[in-house]
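Every number here is computed from the coordinates shown, using simple stated rules; none is lab data. In this text, all values refer to a predicted model and were calculated from it rather than measured experimentally. Positions of Cβ are generated from backbone atoms using ideal geometry, with glycine treated the same way; all protein chains shown enter the neighbour counts.
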Amino acid sequence: MTPQWQEIISQAQALRRQLHSEPELGWQEFNTAQRIRQELDLLGISWRICAETGTVATLAPKAPGQHIALRGDIDALPINESTGQPWSSTRAGCMHACGHDGHTATLMASAMWLKQHEAQLPGPVTLLFQPAEEGGHGAREMIKDGALENVDCIYGWHNWPAIEFGKLVCPDGIVMCGNGTFDIILHGQGGHASQPELCRDPVLAVGALVQALQQIVSRRLPPQQATVLSVTSIEAPSGPTVIPETAKIGGSIRVSDRAARDQVNQLITEISEQIAVAYGVTAEVNIYPRYDATINHAEYAQNMRRLWCRNNTGQVLDENIAIPIMASEDFSYYLKQVPGAFALIGADDGDNHHYACHNPNYDFNDRLIDPVVKLFSQLVGAPMPQ
C-alpha cells in the first residue's frame, strides 16, 4: 500500500485511541462532535450540525451519480473500563465498550481518502457521524433533522467480537433483532415479617412473576420464532424484619418483527396482571419499545458481500453464526427510509479481542480500520490504493 494510505490508517488509529480515552454518553457527545468537525475542517470537507451532537458531511455534492450515505456512531456506554490499555477511558463510569470509537475513526479515515479522490467520485457521498445509538434513538433524530435528504441508499457496519477476524455477516433480510425494555412494579401491603398473613407480600409475587416471564419464550411462543426475554433486575429494598410495600423487576426483550413484539408485550402484561391477582397485589406494567429489527435490502447486502470477498482472500463470509443476531441497532431507522445494508465484521483475531461488546474488558480491534475503509471506498466508487 502507498505511504499515503498507510498515513491515513495510522492517523485513524491515533484518533480512535484518543476518542476511546475521552468517551461521552449518548446526547452528551459535545467534545467528540467538536473533534469530528475540526478534522473535517482540516480536510476541507463541508459539514453541518445534525441533531445537536451529530454531524453530516458531504463530498462531491454535484456529482451526477447515486447519492450514497455511510454511517458511523459516536456514543459510549455507562461502564467502568477494565482493559488496562494506555488509551483507557479517563472518565469514571464511561467507556467505549461497543467500538463506536472505532466506527467513528473508520468513517473519518474514509473521509480522508475520499477527499483526496473527490473529483473521481461518481456520485455524492454523505457521511453520518451519529450520536446516541445506545438506546437514544440517534438515527431517528438524525433523520428528523434531514440527514437522509436526497440520499439514495445507505451502508453501515458494526465490529463483532463473536465472529472470527475479517469474516463478514451481511444477510439478505434481517441481520439484527428489534428490542424493547419493560419494568413491572408490584404494589402490596407491607408489614412485620413475623406476620405475613397481615401483609400482601410483593417479594413473593415477584419470585413467581420472574419464573413465569422467563417461560414465555419456552412455553408460549413457537420455537422457530427468534425471541429472547430476560429479566435483568429485581428491586425490593427493605429491612430484614420488614415485608416491603413494593417490589420491582426490569428486563429486556429481543424480537424479529413488530408482530412478535406485540405478542410478547401482550403476554408480559397478561401474565403480570394475573399473577398479581393470585398473590393479592396489583401490577403496574410499563413497556418501552426501542428499535425495530435491522432488515437489509437484498441487492445492497449482496453488493457488500461481493466487495468484501473481492478485497479479502479465503473464506471471508461467516456461514456458521446464527442469524438474526439477537442484539439491536438503530440503523434500522435508516433502512426503513432508504434501501441499504448493514454488516457485522469479525474482530476476534486471537489477540485479546474476544471480549463481547458492552464488556468492561472490550477494546476495538484497530486492524479493522484498513479493510473497512477499503470497503466503504469501493461502495461509493472511489479508487483503491495500490
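For the Cα atoms of the chain, what angle does the longest principal axis make with the long axis of helix 30-43, in degrees from 0 to 90, nearest 10? Helix 30-43 sits roughly 10 degrees off the main axis of the chain.
By DSSP, the beta bridges lying fully in the chain are antiparallel in about 70 percent of cases. Each of A247, P202, G180 was scored by the projection of its Cα onto the charge dipole of the stretch 178-289, and the greatest displacement toward the positive side belongs to G180; charges sit on the C-beta of Lys, Arg, Asp and Glu. For the pair the stretch 40-71 / the stretch 328-386, the C-alpha centres are spaced 19 Å from each other. I want to verify a result. In a Gaussian network model of the chain, Cα cutoff 10 Å, which of these has the top mean-square fluctuation: G173, G99, G138? Highest fluctuation of the listed residues: G173. Taking a straight line from the alpha carbon of K62, these lysines sit under 18 Å away, with near neighbours fewer than eight places off in the same chain left out: K115. Placing +1 on the Cβ of every Lys and Arg and -1 on the Cβ of every Asp and Glu, with no other charges, gives the stretch 178-289 a dipole of roughly 360 debye about its Cα centre. In the elastic network of the chain, a GNM with C-alpha springs shorter than 10 Å, the most mobile of L15, L25, L198 is L198. Bridgeable lysines around K336 (alpha carbons under 19 Å apart, same-chain partners fewer than 8 residues away excluded): K144.
Of the peptides 369-377, 276-284, the ranking by mean beta-carbon count within 10 Å, highest at the top, reads 369-377, 276-284. Counting neighbouring beta carbons within 10 Å and listing from fewest to most, the residues Y291, Y362 come out as Y291, Y362. Couplings 3J(HN,Hα) of the stretch 367-378, computed from phi: 5, 6, 4, 4, x, 6, 4, 4, 4, 4, 4, 5 Hz, in residue order, whole Hz [Karplus 6.51 cos²θ - 1.76 cosθ + 1.60, θ = phi - 60°; x for Gly and Pro].
Global size of the stretch 281-382: 17.2, 64 Å for Rg and Dmax (C-alpha atoms, Rg to one decimal, Dmax whole).
For the stretch 124-256, the pair-distance distribution built from all alpha carbon pairs, in bins 5 Å wide starting at 0, is 2, 8, 12, 12, 13, 12, 11, 9, 8, 6, 4, 3, 1, 0, 0 percent. Computed from Cα atoms, the angle from the helix 298-311 axis to the main principal axis of the chain rounds to 60 degrees.
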